[in-house]
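Heads up, the thing below is written out as structure tokens.
The values are calculated or read from the model by the stated rules, or taken from the named source; none is laboratory data. Keep in mind it's a predicted model, so treat the numbers as computed, not measured. Please note: Cβ atoms are built from the backbone with ideal geometry, for glycine as well, and neighbour counts cover all protein chains shown.
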Amino acid sequence: MNRSEIVVSREEQDRQRAFAEMVKALPHRPGSYHVVTYGCQMNAHDSEKIAGMLEEMGMVPSERREDADFVIFNTCCVRENAERRALGNVTWLKEVRKQKPDMVIAVCGCMIQEPGMAELILKKYKFVNLAFGTANLHKLPEMLYETLNSGRQTVNVEDRDVIAEDLPIRRLRNDAAYLTIMYGCDNFCSYCIVPYVRGRERSRDPETIIREAEKLADAGVKEIMLLGQNVNSYGKGLPGNPNFARLLKELDGIGIPRIRFMTSHPKDLSDDLIDVMAAGRHILPQFHLPVQSGNNEILKKMKRHYTREQYLDRVARLRTAVPDIGLSTDIIVSFPGETEEQFQDTMSLLNEVRFDSAFTFIYSPRTGTKAAEMEGLIPEEVSTDRIKRLIALQEELQQDTLKRFIGTEEEILVEGLSRRSKQAVSGKGRHAVSVTVEGNENDIGQILKCRITGLKNNTLTGERI
Ligand code: 5AD
Ligand code: SF4
């Protein structure tokens, strides 16, 4: 597709701004809003854009969804349970609305983009006023205007792959910000629905990204998290062949104290990127590198395009270049046909790599993906047993890997008060590990230097220096 077809035009942006003004002027428009977010960081950032647009339409945030005039569910469909939870909560709100008949309910995000979902909303969820997919986010003002004006249900699912720039953003935090560098995914891992619901891979212009980062730096943001389904393949199809390593190097030069990114695909993790990380001044020594399985046959069936050995090679290189790097991963157990021996290969990979953390999932069949057609679905009891063993092993290993930080100095960006103690705050260290130290509200959003003194339930404790 031509670049001008991908990037939403100025005219269209202006049109949407005009609709935002029209919504604002409607006499009975909602006065308050609440966004319910499911899923990944990408969705969390989309929700910040939704909030930004709604505030431009004159709405104010409402703490509780049941009190809001406009409630919007930004959904995820990567696993079935995320979807079930979202639909359950949408249905619950239908009951609440009996007491608050003017409430407007919207559902958006990945789930709406799933095949058949729009039809389901039209047939079975008639009480939902507005539903739209990920490709239509920037048209929220127009769609909301139509819904409010006509009183009819609006369902809008297009699968055009767009990049919408200059949307207003209401950020959740002042100290740390998300910055999307690319959208969509072209990998089609056989289990994954993301390429179907988020569309083809498309990268933002490097100049636009750098400008946004500079603005964040001027605003005093201390940490940026670069987002993309596969940041390592950033730049494909752009003039001048920019790549992630070069982009990261430029961003490092801006001077924002902390830069993180996710997610990476092992097959695209270049030596150049590792070198940029090693030489970087602000790039945090942490890496989220989903492995999914430790068995080569399963990796092949997953269409991951790397072997266990190649993955281990990437880990070794990262560790040589960035000593003490904090490594985390994603793992799926019970992919169709996975035998106990193949599962044991994943267990042994954990033993071999020793991650600082691992996100573990039971395989969930997603209609439309290649894996959903494969035979050999693993019975639930077997999957539950496998994931329990995997989590137990990871916890045991983590107790040991995190000990390496005891006695070292860490800088943490304080996120909030500690849940365990009123006189303590917690935040993430440079290696992405949680640290709790003595402190109070005034420390939130600050970077604190501390010495790590202990480890309690996978959380490090420290003393301020
Ligand atoms: N079933 C289980 N886990 C999945 N993931 C993606 N698709 C599925 C699925 N169908 C996991 C992968 C991915 C993470 C975001 O979610 O581990 O890295
Ligand atoms: Fe899904 Fe694979 Fe793309 Fe990640 S890289 S979003 S797992 S298809």
Options Ile112, Ile121; residue that is under 20 Å from Met53 (Cβ atoms) and not charged (D, E, K, R): Ile112
Of residues in the stretch 63-87 being within 16 Å of ligand 1 (Cβ to nearest atom) and acidic (Asp, Glu), the one farthest from Asn129 (Cα to Cα): Glu80
For the stretch 220-245, pairs from a residue that is hydroxyl-bearing (Ser, Thr, Tyr) to a residue that is assigned to a loop (DSSP other than H, G, I, E, B), with Cβ under 6 Å and 6 or more apart or across chains, are Tyr234/Ile181
Turns out the strands (runs of 3 or more DSSP E) fully within the stretch 125-202 with at least 1 residues that are within 16 Å of ligand 2 (Cβ to nearest atom) are 176-180
Please pick out the residue among Ile332, Ile325 that is closer than 28 Å to Ser364 by Cα, buried (at least 20 other Cβ atoms within 10 Å of the Cβ), under 27 Å from the mean Cα position of the chain (by Cα) and among the hydrophobic types (A, V, I, L, M, F, W, C). Ile332
The residue from Asp46, Asp69 that alone is farther than 18 Å from Ile169 by Cα and either in contact with a Pro (Cβ under 9 Å, 6 or more places away or on another chain) or touching a residue at least 60 places away in the same chain (Cβ under 8 Å) (or both) is Asp69
Which listed residue, of Asn295, Asn241, is of a type in the set (S, T, N, Q), surrounded by fewer than 21 Cβ atoms within 10 Å (Cβ to Cβ) and more than 16 Å from ligand 2 (Cβ to nearest atom): Asn241
Matching residues in the stretch 113-124 - criterion: being assigned to a helix (DSSP H, G or I), out of contact with any Ser or Thr (no Cβ under 7 Å at 6 or more places or on another chain) and closer than 11 Å to Val157 by Cα: Met117, Ala118, Glu119
Of everything in the stretch 38-62, what is within 16 Å of ligand 1 (Cβ to nearest atom) and more than 16 Å from Ala131 (Cβ to Cβ)? Give them in sequence order. Gly39, Cys40, Gln41, Met42, Ala44, His45
Scan of the stretch 183-227 for residues that are of a type in the set (A, V, I, L, M, F, W, C) and within 16 Å of ligand 1 (Cβ to nearest atom), ordered by number: Cys185, Phe188, Cys189, Cys192, Ile193, Val194, Val197, Met225, Leu227
What number of residues within the stretch 315-332 are more than 16 Å from ligand 1 (Cβ to nearest atom) and either in contact (Cβ under 8 Å) with a residue 40 or more places away in the chain or not basic (Lys, Arg) (or both)? 11
Answer yes or no: is there a residue in the stretch 244-253 that is closer than 30 Å to Lys300 by Cα and modelled with pLDDT of 95 or more. yes
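A quick yes/no check of all residues on (1) buried (at least 21 other Cβ atoms within 10 Å of the Cβ); (2) at pLDDT 95 or above; (3) within 16 Å of ligand 1 (Cβ to nearest atom); (4) under 25 Å from the mean Cα position of the chain (by Cα):
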position	(1), (2), (3), (4)
Pro336	no, yes, yes, no
Phe343	yes, yes, yes, no
Ile378	no, yes, yes, no
Glu396	no, yes, no, no
Thr408	no, yes, no, no
Val425	yes, yes, no, yes
Checked pairs for the stretch 172-187, first closer than 17 Å to Phe244 by Cα, second assigned to a loop (DSSP other than H, G, I, E, B) and among the basic types (Lys, Arg), C-beta under 7 Å and 6 or more apart or across chains, list as Thr180/Arg204; Ile181/Arg204; Met182/Arg204; Gly184/Arg200; Asp186/Arg200
